[in-house]
1. As an exercise: evaluate residue 223 against (1) farther than 19 Å from residue 102 by Cβ; (2) in contact (Cβ under 8 Å) with a residue 40 or more places away in the chain; (3) open to solvent by 50 Å² or more (accessible area, probe 1.4 Å) and give the number of the one condition it does not meet.
2. Within the range 52-80, how many residues are in contact with a Lys or Arg (Cβ under 8 Å, 6 or more places away or on another chain) and open to solvent by 90 Å² or more (accessible area, probe 1.4 Å)?
3. Pick out, from the range 1-56, the helices (runs of 4 or more DSSP H) lying fully within it that include 1 or more residues that are under 30 Å from the mean Cα position of the chain (by Cα).
4. In the range 157-206, what residues are in a strand (DSSP E or B), out of contact with any Phe, Trp or Tyr (no Cβ under 7 Å at 6 or more places or on another chain) and hydrophobic (A, V, I, L, M, F, W, C)?
5. Counting only residues that are among the charged types (D, E, K, R) and out of contact with any strand residue (DSSP E or B) (no Cβ under 9 Å at 6 or more places or on another chain), which one in the range 9-45 is surrounded by the most Cβ atoms within 10 Å (Cβ to Cβ)?
6. Kindly list, by first and then second residue, each pair from a residue in the range 169-198 that is free of Cβ contacts under 8 Å to residues at least 12 places away in the same chain and closer than 18 Å to residue 260 by Cα to a residue that is open to solvent by 10 Å² or more (accessible area, probe 1.4 Å) and of a type outside the set (S, T, N, Q), limited to pairs with Cβ atoms under 8 Å and residues at least 6 apart or on different chains.
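The values are calculated or read from the model by the stated rules, or taken from the named source; none is laboratory data. All figures in this text were calculated on a predicted structure; none of them were measured in a lab. A quick note on method: Cβ atoms are made from the backbone with ideal geometry, for glycine too, and the neighbour counts reach across all protein chains shown. We work out accessible area using only protein heavy atoms, side chains counted, and drop any ligands, DNA or RNA first. Shrake-Rupley method; radii C 1.70, N 1.55, O 1.52, S 1.80 Å.
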Amino acid sequence: MELRQLKYFVKTAQLLSFSEASRQLYISQSTLSQQIKQLEDELQCNLLQRTSHKVVLTECGERLLPMALKCLREADNCVLEVANVKNLMTGTLNIGVTHSFSHILWYTMKEFLYTYKGIKLNVHYGYTDNLINMLRKKEIDFALAYKKEEPYEEFESFKLFSTSLCAVLPKRHELAERKILSLKELEKYPIALPAKGVQGRRWIDRELQRHPEIKLRVRIELNDANFLCDLVEQGSSLVTILSSLAVAKNSDLVAVPLDIEDNELIGCVHVLKDEYMKHSVKEFVRMLRQSPVVMLMN
């Protein structure tokens, strides 16, 4: 049994098409069929049932598929491990990040690029759910996002810091000196909310569902925390609701914690459980933990 044969079988089993599998593998259909036939002969069973119209997995094929996937992942991990041992400072690091983490990422990314000039960084911004899907498909090496209330069984989440949802106001605002605010007290002010899909927005919507008597005057919704802060800072009468992290680099704004239930957002590094972790990931996370912004949040 060869890794190549397992690779060919997995691709065909996923696509259920010999023609499409051969096209994506850049081999001829006859070569693909021959290799899978050799695998079937060795295992003494049919893995794929072929008809003139479709391809389906047999019972043996269904049993082999998850094991073949695991075997190929472990083979890939071997290659990665050897490459990192040979030369740690080469390769690519794929990072997923929500907009709320932009400030934290900026500090660490700047230090990392200066220290490790041989590593290329690919940074992908998105909602938490989108980033988790990318991580599941191994399109990114880790994701920076707030921890969700429901756990991810297939991921490990390492805490970086904890923060809370706040009313973000200009320093000159009449509520800026308050130590804590309720959503009810914000009713008379025009509100700029983070868009649905942003992690903090879920906390806001949950609180509004608990208290339907609260009616916020929402004027705009958008998914960019920096833009929301800019709107508030530029002298408009808008108030926004974000984590305290969003105003860490803006001395003209204040973040007043909101008096809502379970008001804790936990910033995490999310990785696939039981998967090989690149040395560059470990180093980037180490730098994150020691960055001025994260240390200030702890």
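1. Residue 223 satisfies every listed condition except (1).
2. 0
3. Per the criteria, 3-15, 18-25.
4. 158, 160, 161, 166, 167, 168, 169, 181, 191, 192, 193 - these are the residues of the range 157-206 that are in a strand (DSSP E or B), out of contact with any Phe, Trp or Tyr (no Cβ under 7 Å at 6 or more places or on another chain) and hydrophobic (A, V, I, L, M, F, W, C).
5. Per the criteria, the residue is 11.
6. 185/175
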